[in-house]
Amino acid sequence: MKFAYKFSNLLGAFYRHGNLCFSKDGNSVISPVGNRISVFDLKNNKSETLPVSTTKNISCLGINPDGNLAILIDEDGAAVLVSLVTRAVLHHHHFHSPVHSVSFSPDGKKFVITKENVALMYHAPGRNREFNGFALDKSYYGPFDETTCIDWTDDSKCFAVGSKDMTTWIFGAERWANLIYYSLGGHKDIIVGCFFEKDSLDMYTVSQEGTLCVWESDTELEGLRKGNNDDDDVEEIIGEDGETRGDVIKGSTDTPKQVEGIKNVRYSQRSKHYFNKAGDFNKLTAAAFHKKTRILVTGFASGAFHLHELPEFDLIHSLRAQQCAVLYCNALFVSRVKGLGQLLVWEWQSESYVFKQQGHFNNMNSLAYSPDGQYLVTGGDDGKVSLLPLGFLWNTNNGLCFVLSGHEGPVSNLCFSPVQSVLASVSWDKTVRLWDMLDSWETKETLRLTSDGLAVTYRPDGQELAVASLDGEITFWNPQTGGQAGSIAGRHDLQMGRKETEKITAKQSAKGKSFTSLCYSADGESILAGGQSKFVCIYNIKEHVLMKKFEISCNLSLDAMEEFLDRRKMTEFGSLSLVDEGTGDGDGVELSLPGVKRGDMSSRRFKPEIRVGSLCFSPTGRSWATASTEGLLIYSLDASLVFDPYDLDMDVTPASIRQQVKKKEWASAILLSFRLNEMALKREVLEAVPYDQITVVCSSLPDVYVDKLLNFVASTLEKSNHLQFYLSWAQCLLTLHGQKLKNRSGAVLPTVQQLLKSIQRHSDDLSKLCDWNIYNIRYAAALSKQRGMKRTAAESLSDEEEEEEELLQKADFCFIIEKMLI
């Protein structure tokens with residue numbers, strides 16, 4: 001068995017922390033989920049998680065205007081430049097302090113990040129390869145407190161920065177003579193959003209107390225004039241090598257020095273509007289502005305949304321959801337709820353949800369695949385069950401509920417036998433009980449353990465039972481005789497990390513840890529085991545040895561990730577993590593007492609501990625999944641990266657295989673291609689076989705190659721367009737070798753399930769396409785009949801009018817046929 005599994009997707013979690021972005025076409029939402037980002041395709045109802053990650057949770061992200069580059073910045077200020085085309089990391093950079101926001105200029109040549117009270121402008125990475133992907137251009141100072149938001153003018157000449165000091169600062173992206181910096185006030189609370197008008201320097205600013213200020217500039221964008229390099233407000237930074245590292249623009253509340261003959265840009269407040277007119281205070285938490293339609297979307301702490309048309313401040317629409325933040329694009333706006341992990345996409349014109357998903361806002365602790373591998377079901381500490389589709393439908397019948405008595409302690413896990421009507425339950429009373437479903441749920445067998453039982457699972461053929469206990473052992477039992485078949489001591493393989501608040505070493509802490517989840521592989525030869533650790537272990541059952549350990553996360557924002565604590569955080573009184581600083585004001589907590597800087601001390605924060613709640617192999621054997629603190633992680637078999645020849649010798653080469661194909665020795669060519677075992681070559685040889693020779697070839701194959709060919713057909717059928725061709729191969733193999741395959745059903749079961757999954761998926765796709773074509777043909781027939789009736793009623797039409805009517809009818813019909821073909 002080859003362990004070529006790689007990370008495939010992150011499901012069950014839709015949002016954690018940070019800002020959201022729309023794709024260039026507006027059909028997808030890009031959402032940060034922990035230290036990864038997921039792309040939700042709103043048009044095709046699909047999701048994808050990029051195979052890149054940061055070392056800590058993502059706090060902000062920015063997408064360039066072309067939609068092919070993304071900057072991901074984590075909580076510590078470590079940035080990663082990612083290509084959204086190749087899904088690869090292009091550059092690493094560290095800003096050395098937390099970053100509040102990042103935004104690309106509309107022309108894509110520069111981007112601005114804000115941290116502390118400074119805005120830094122960098123040259124955006126281009127097509128040319130550079131040693132340093134992030135080249136600093138200018139540093140802008142002006143706000144006295146932390147910055148909160150960024151917005152650019154449409155021509156990328158200027159940008160605005162909002163701050164917690166209740167001011168908004170406008171800076172020139174270049175050295176303009178009449179606009180170096182400008183400060184706007186007028187608010188009594190933190191600036192939540194600042195937005196430029198389309199193709200204008202006019203601005204809108206929104207603050208947390210629910211106030212909108214409309215600002216009018218006396219200068220158009222075309223009126224900005226180039227300045228000199230000797231401005232008093234601009235300083236150059238010279239590096240040790242004598243090269244210029246960038247400019248520093250220092251803003252102040254004083255009016256900038258005016259260049260002779262050029263009038264400085266000035267702003268005046270045109271109007272001021274209030275969201276809380278009724279006097280009931282409702283904190284404004286988020287705002288977004290769509291420049292083309294001039295629509296402002298605001299979200300409030302109470303869960304209310306307002307859509308206003310600017311600059312008149314006319315209320316268009318309002319609704320109420322949950323506490324959230326918003327992002328607007330075209331007729332859609334997205335809301336996100338940080339505490340609940342909820343993501344909503346609302347189409348305000350039709351007043352309907354385009355996307356509405358919520359993950360578990362507590363840890364996942366269990367999961368299960370559907371028998372056909374098309375769905376995953378997860379359960380969490382929040383009491384919710386989530387159904388996640390992986391492929392088209394699985395129905396189950398409701399049954400009766402019984403109360404089974406017999407255990408003397410809490411029941412920790414349950415598992416049904418896959419071949420018999422038997423239920424296995426494991427408990428803290430150090431026993432495993434087997435319940436007979438057909439005999440009034442009487443206890444069929446009781447297995448005695450040496451320690452508290454934590455997890456139980458059946459082998460796919462039902463002939464073996466695995467149990468994980470509190471002493472770190474995995475024991476294997478024969479469910480028919482009740483005898484123990486073997487055991488694995490896996491406590492040392494967990495390799496626990498040390499939590500920040502623990503006063504003992506990781507080595508000592510590991511002595512009290514154990515596996516809490518078990519799962520057999522599809523062939524029953526290996527078993528997956530996971531628990532309170534960042535590792536998932538896979539063991540060979542026959543040899544009782546560890547084969548591989550998978551590290552499910554490298555996110556240092558989680559607890560128990562490192563074996564040794566950081567000595568810089570250790571003091572003579574202990575770890576600094578033991579000091580509870582309370583929650584910060586980033587979550588919108590009011591400063592209730594004078595002098596309090598960290599918010600309400602009654603609110604507590606915690607660092608989630610890495611753990612594996614549940615493990616499950618797909619029935620097809622092509623993937624396995626784990627429910628962990630990071631979410632639902634799926635590891636898929638990447639067969640394209642594995643070269644695994646079978647019975648290889650010097651004569652088995654691609655040239656010799658293609659020579660057999662030219663000689664039309666189809667069976668020999670197939671056998672040689674499977675001995676070399678290259679996917680592309682096997683597909684090439686198989687698709688070269690004529691349709692009328694499929695039965696002859698299948699009847700002449702040895703038994704060992706029948707399994708390999710059936711497995712290849714099942715995996716290829718899922719993505720191939722040659723539907724009838726591969727179905728014919730599958731039908732001939734099952735018809736000619738069905739009895740032999742049935743005798744070794746245990747080994748062939750994953751292949752058959754993969755084949756059924758592929759057939760079901762194609763069946764659902766074709767049924768939808770056929771239904772759509774039938775409706776269009778009916779529409780075309782009705783349209784043709786209607787045209788004929790009009791022609792009969794309009795006999796007095798001239799020849800030219802009649803010819804024009806026929807052309808219109810043919811054009812309508814051709815348009816419908818063209819859509820059907822597409």
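The values are calculated or read from the model by the stated rules, or taken from the named source; none is laboratory data. Keep in mind that what you see is a predicted model, and the values were worked out from it rather than measured. Glycine also receives a Cβ, built like all others from the backbone with ideal geometry; neighbour counts cover every protein chain displayed. Side chains included, ligands, DNA and RNA excluded: accessible areas come from the protein's heavy atoms. Shrake-Rupley method; radii C 1.70, N 1.55, O 1.52, S 1.80 Å.
Quick notes on this structure:
- Leading residue by the ranking (most open to solvent (accessible area, probe 1.4 Å)) among those in segment 269-290 that are over 38 Å from the mean Cα position of the chain (by Cα) and either β-branched (V, I, T) or modelled with pLDDT of 85 or more (or both): R270
- Within segment 416-434, the set of residues being touching a Pro at 6+ places or on another chain (Cβ under 9 Å) and of a type in the set (F, W, Y) comprises just one member, W428.
- Selection status of D151, farther than 20 Å from L310 by Cβ, open to solvent by 10 Å² or more (accessible area, probe 1.4 Å) and not hydroxyl-bearing (S, T, Y): no
- The set of residues from segment 18-43 being assigned to a loop (DSSP other than H, G, I, E, B) and crowded, with 20+ Cβ neighbours inside 10 Å comprises G18, N19, L20, G34, N35.
- Sub-9 Å Cβ pairs linking a first residue in segment 303-318 that is open to solvent by less than 60 Å² (accessible area, probe 1.4 Å) to a second residue that is in a loop (DSSP other than H, G, I, E, B) and modelled with pLDDT of 85 or more, at least 6 apart or interchain, are H306/F275; H308/F275; L310/E197; L310/R294; P311/E197; P311/D202; P311/R294, ordered by first then second residue.
- Any hit, segment 756-766, residues being polar (S, T, N, Q), over 29 Å from the mean Cα position of the chain (by Cα) and in a helix (DSSP H, G or I): no
- Residue within segment 489-512 that is in a strand (DSSP E or B), of a type outside the set (S, T, Y) and at pLDDT 90 or above present: no
- Of all residue pairs spaced 6 or more apart or on separate chains, none has beta-carbon atoms under 9 Å together with a first member in segment 520-535 that is without any contact (Cβ under 8 Å) to a residue 24 or more places away in the chain and a second member that is outside any strand (DSSP E or B).
- Put simply, of D638, D649 the only residue that is outside the structural domain of C698 (by the TED database), more than 23 Å from N413 (Cβ to Cβ) and either open to solvent by less than 50 Å² (accessible area, probe 1.4 Å) or at pLDDT 85 or above (or both) is D638.
- Taking helices (runs of 4 or more DSSP H) as the structural unit, those lying wholly within segment 676-737 and holding at least 3 residues that are more than 18 Å from W666 (Cβ to Cβ) and assigned by the TED database to the domain that holds L766 correspond to 703-717.
- Selection count, segment 166-186, where residues are open to solvent by less than 40 Å² (accessible area, probe 1.4 Å) and either without any contact (Cβ under 8 Å) to a residue 24 or more places away in the chain or not in a loop (DSSP other than H, G, I, E, B) (or both): 9
- Filtered residues of segment 81-105 (kept if under 18 Å from V29 (Cα atoms), surrounded by 15 or more Cβ atoms within 10 Å (Cβ to Cβ) and either aliphatic (A, V, I, L, M) or outside the structural domain of T153 (by the TED database) (or both)): V82, S83, L84, V102
- Hey, E718 within 33 Å of the chain's Cα centre (by Cα) and either touching a residue at least 12 places away in the same chain (Cβ under 8 Å) or open to solvent by 50 Å² or more (accessible area, probe 1.4 Å) (or both) or not: yes
- Condition check for T219: over 26 Å from D137 (Cα atoms) and either surrounded by 10 or more Cβ atoms within 10 Å (Cβ to Cβ) or modelled with pLDDT of 65 or more (or both): no
- You will find that of T457, T446, the residue that is within 30 Å of V752 (Cβ to Cβ), touching a strand residue (DSSP E or B) at 6+ places or on another chain (Cβ under 7 Å) and at pLDDT 85 or above is T457 and no other.
- Summed over segment 731-762, residues that are in contact (Cβ under 8 Å) with a residue 40 or more places away in the chain and of a type in the set (G, A, S) total 3.
- In segment 127-149, the count of residues that are under 22 Å from P32 (Cβ atoms), free of Cβ contacts under 8 Å to residues at least 40 places away in the same chain and of a type in the set (S, T, Y) is zero.
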